[in-house]
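So the structure is just underneath, and the comments pick up after that.
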Ligand code: B12
Ligand code: SF4
């Protein structure tokens, strides 16, 4: 097996989710991953690429993905075979609180001499608590840890104390917690994320292992790739742990840093070499200003874009912008998240635009030739009552009527779940925003993830909805929206029936769990097959997120060949 200097591991949300009765609920309906949250942070690819450029050999292993793909996959056995002086584990999303720490324990069990470093947003927030677990040696804080990790690797390699590694927290020889200032917060990120996908393909070749690098289940069938535009965010959505205020609070980033239009365009070009799949440009390209957005579109127009582009917009867009986008990327997809139909709730959630402006954007985008327009609504917001959520579904009907059932318009609703992001304004100032925080420590979150139903995992309630109401209202809203979509022919009758079955079966199972009580392990175990059957059904919301790929495939063979032949 080729030697690795660093192995980056991605854990499932709960270890081992395959043995426990867990009714996941619709917590991941609106993202490409399953409720196991098997998608690893893209930052792992960025770290790997940066370190490889510095001469280190880095391997990414998506343990969660492997465990999900096969019930026989033995994660312990694989960990035992892997070897490196340093293992990195992401605890980026809070949903991995249980799995990430358990994987750290396994690493130490098999490799007591190796060091374990954790990183990501949640690690940065909970770094002190993380270091109380004996299996965790280091935590690297911050949104840009490429260079600090390189310095840590150098220290580990040379057996030196890591005193000078920025952003690092660790336990010293006497077991005391030490933390260096979170001082590496670059305001120029031109030298990172240079060609991360190239590094991933190289890893597949080196380790003859494609399965461990697949970002999420179904990716080979639907190989969507992502291009990042920034680190940070200009906005302040109150529920978001990646808002401007959150970045200031625990990532020490005062100002969003943007990648140059040239670098973004280069990524898009590079991806086009190995994939025909859609490319998701993450972060509203207008955030750094309209000039930068236009510059990017001009470069893309000169280069020519072969892949379908998907983009998110954080506020309504002008007709002029949408026409320009259509000229560059015909059949483009757009996403907007008004969260609620009620502008007052939206405003309380930190978004300030009107329904009129949003509907004008939808109209202009569809006129310009947009291939799909996703509109995301959410349950669990400030000032939002159960009644208000159901009125959001009525508003969806209004949209479908106004746009004459246009099938390109995709309406989605899901819960703010399982966690309100630690670090978000609502988590940090709950009284101000009408939240009641039920879980504060990392360990509390870890234990909550083991609860049999997602209702008990939620780490918050609001002044307007209890956990029970959040769950009940979410189920009702999904049911109503499903019927609406079936009526307008947006989903097939078969799909609607499956979705109705999924929700009704979940409601029934919730009642059984209530009768049994969360601590009666024996009886809960008996419910596992039923919970698994419900969990296994794909939400039609998720299917809708996928654009039909037809026979288009990854151009992997060509990529691998050009890599091996060194012709890139
Ligand atoms: C893009 C994005 C996504 C993409 C993910 C793409 C991807 N694979 O990374 C999508 C849309 C799929 C997504 C999904 C989710 N997301 Co999201 N996402 C973002 C967003 C908008 C930008 C992140 C970004 O640009 N990162 C840049 C990349 C290149 O860096 P990075 O991955 O963060 O990695 C760097 C550091 O974090 C660190 N690092 C990360 N891992 C590790 C590991 C080690 C060992 C080390 C040393 C360092 C390290 O170093 C990396 C390199 O410098 C942020 C909000 C924001 N403004 O940042 C939310 C955010 C990160 N997401 C969030 C959440 C909650 C989710 C979901 C759980 C939502 C849900 N319930 O479905 C899912 C999880 C999906 C899964 N795992 O399966 C929260 C996280 C809050 C928290 N602490 O838990 C955020 C902060 C805000 C939000 N609410 O959306 N997300
Ligand atoms: S949810 Fe709001 S604050 Fe968070 S990343 Fe998106 S636009 Fe920024």
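Relative to one another, the C-alpha centroids of segment 29-101 and segment 423-497 are positioned 26 Å apart.
Just want the ordering: 507, 7, from fewest to most Cβ atoms lying within 10 Å of their own Cβ.
In increasing order of surrounding Cβ atoms, one gets 507, 7.
Model label points for residue 532 and residue 398, set 7 angstrom from Cα along the Cα-to-Cβ axis, are 4.5 nm apart.
The Cα center of segment 258-335 and the Cα center of segment 359-408 differ in position by 23 Å.
Considered as an equivalent ellipsoid built on the Cα gyration tensor, segment 69-188 has semi-axes of 24, 17, 14 Å, the largest given first.
Restricting to bridges with both residues inside segment 113-257, how much of the DSSP beta-bridge set is antiparallel, in percent to the nearest 5? Display every interim value, and only then the final one.
Values: 7 of 10 bridges.
Restricted to segment 113-257, the bridges split so that about 70 percent are antiparallel.
Cβ-to-Cβ counts within 10 Å put 59, 302 in ascending order as 302, 59, the fewest first. Each label point was placed 7 Å from the Cα along the Cα-to-Cβ direction; for residue 318 and residue 205 their separation is 4.6 nm. In the chain, what % of DSSP beta bridges are antiparallel (nearest 5)? Antiparallel: roughly 25 percent of the beta bridges in the chain.
Can you put 395, 50 in order of Cβ neighbours within 10 angstrom, beginning with the fewest? Kindly include the intermediate steps, with their values, before the conclusion.
Values: 395 18, 50 23.
The most exposed by this proxy come first: 395, 50.
Kirkwood radius for the chain, taken over all pairs of different Cα atoms as the inverse mean of 1/r, rounds to 24.5 Å.
Where a number appears in this text, it was derived from the coordinates with a stated rule and is not lab data. Everything quoted here is computed from the prediction, not taken from an experiment. Note that we place each Cβ from the backbone using ideal geometry, even for glycine, and neighbour counts take in every protein chain shown.
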